[in-house]
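Peer 1: I have a structure here, written as C-alpha cells, and I will follow up with some questions on it.
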Amino acid sequence: MRTLLLFSLVFSGCGRDESSSDGPDVSCWWRLFIGQVDECIPDREPVIEADGVPLEDPDTFSPVPTLRVSWGPDSVILDIYDSPPEAQYYVGLTETAACEEDTCWTGEDCFLGFGEYFYCHPAGRTGVELLYNGDFDNLLEGAETVFPDDRFQNNVTIYVEDATYGLCFVGGHDPSYYDGMGCTVVELY
C-alpha cells in the first residue's frame, strides 16, 4: 500500500495549493486512484513538545514510534508518536534498579511477571495513562500501576509491544531485561 501511495504521489503531481498556505491539498485526485474517496487532509506543522524534543506529524508513522514517558504527581503517562492509524499496543513497566533481584516489582512487565502477578497494559495508538497505587491483587490494566509515585522514574524499564505488527520496543533504565525478545532499544523522552 505504501509503495502504491508513494508511486501515486510522485506521478500524480499531488501538491499543495501555493496560493493558500492553509488550504487543503488541491490535487488529491490520487486518493480516488487508490480508492480513498474521503476528503483531502491538509498538511500540518510538526508537533514540538514543551521540552524541545521535535516529534513528527501525528498523521505519519514509522516502524519505530517515538516514546515519551512523564512521571507526574498522580500518574505515569506514556505518549506514543508516529504510530500507524490501526496500531494497538501493550505496555509493560518493570523495576530494574534500586532493588534486590527477588524484590524488584516485575508484575507489570508483560514478560515474566512476579510470582502470581502478571499484568500487561493495553494502550491505544497515542499511549496510556496509569494512575499510581493500584491494588496488587486487582490491578486495572490500562488504567493503574502498582508503582506508588514518581520516585521510581529512574529505576524502571519500559516495554512497548506493537500488537498490530508484532514488534516491540524497550527503553529506560535497563533494556537488557528484555534481551532475547528481539525488541528494538529506543530512547525515552
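The values are calculated or read from the model by the stated rules, or taken from the named source; none is laboratory data. Keep in mind that this is a model prediction, so the values were computed, not measured. All Cβ positions, even for glycine, are placed from backbone atoms using ideal geometry, and neighbour counts span all protein chains on display. Quick note on the areas: whole protein, heavy atoms, side chains included, nothing else; ligands and nucleic acids left out. Shrake-Rupley method; radii C 1.70, N 1.55, O 1.52, S 1.80 Å.
Peer 1: Under the Karplus relation 6.51 cos²θ - 1.76 cosθ + 1.60, θ = phi - 60°, what is the ordered set of whole-Hz ³J(HN,Hα) values for the stretch 118-127, x standing for Gly and Pro?
Peer 2: 8, 10, 8, 7, x, 9, x, 4, 9, x
Peer 1: Right, another one. Amide H of Leu167: which non-local residues (sequence gap of 5 or more, or other chain) have their own amide H closer than 5 Å, using H built in the peptide plane?
Peer 2: Amide H to amide H, under 5 Å and 5 or more residues apart or across chains, Leu167 pairs with Asp162.
Peer 1: Also, quick follow-up: DSSP loop GluC sites (Glu not before Pro) in the stretch 85-121 with at most 11 other Cβ atoms within 10 Å of their Cβ, which ones?
Peer 2: Glu86, Glu100, Glu101, Glu116
Peer 1: How much of the DSSP beta bridge set in the stretch 145-188 is antiparallel, as a percent to the nearest 5?
Peer 2: 75
Peer 1: Using DSSP to call loops (not H, G, I, E or B), can you name the chymotrypsin sites (Phe, Trp or Tyr not before Pro) in the stretch 92-148 whose Cβ has at most 10 other Cβ atoms within 10 angstrom?
Peer 2: none
Peer 1: Something else now. Around Glu141, which amide H atoms from residues at least 5 apart in sequence, or from another chain, sit under 5 Å from its own amide H, with H modelled in the peptide plane?
Peer 2: Here nothing satisfies the definition.
Peer 1: Compute the accessible area per residue over the stretch 87-163, keeping the other protein chains in place, probe 1.4 Å, unit Å².
Peer 2: 48
Peer 1: Probe radius 1.4 Å, ligands and nucleic acids ignored: give me the carbon and sulfur share of the accessible area of the stretch 58-189 as a rounded percent.
Peer 2: Whole-percent figure for carbon plus sulfur exposure: 49.
Peer 1: Under 11 Å from the Cβ of Thr164, count the other residues' Cβ atoms, weight Lys and Arg +1, Asp and Glu -1, and hand me the total.
Peer 2: Residues close to Thr164 contribute a combined charge of -2.
Peer 1: Another one. Using modelled amide H (1.01 Å from N, peptide plane; none on Pro or chain starts), what sits under 5 Å from the amide H of Ala97, excluding residues fewer than 5 places away?
Peer 2: Here the answer is none, since no amide H 5 or more places off falls under 5 Å of that of Ala97.
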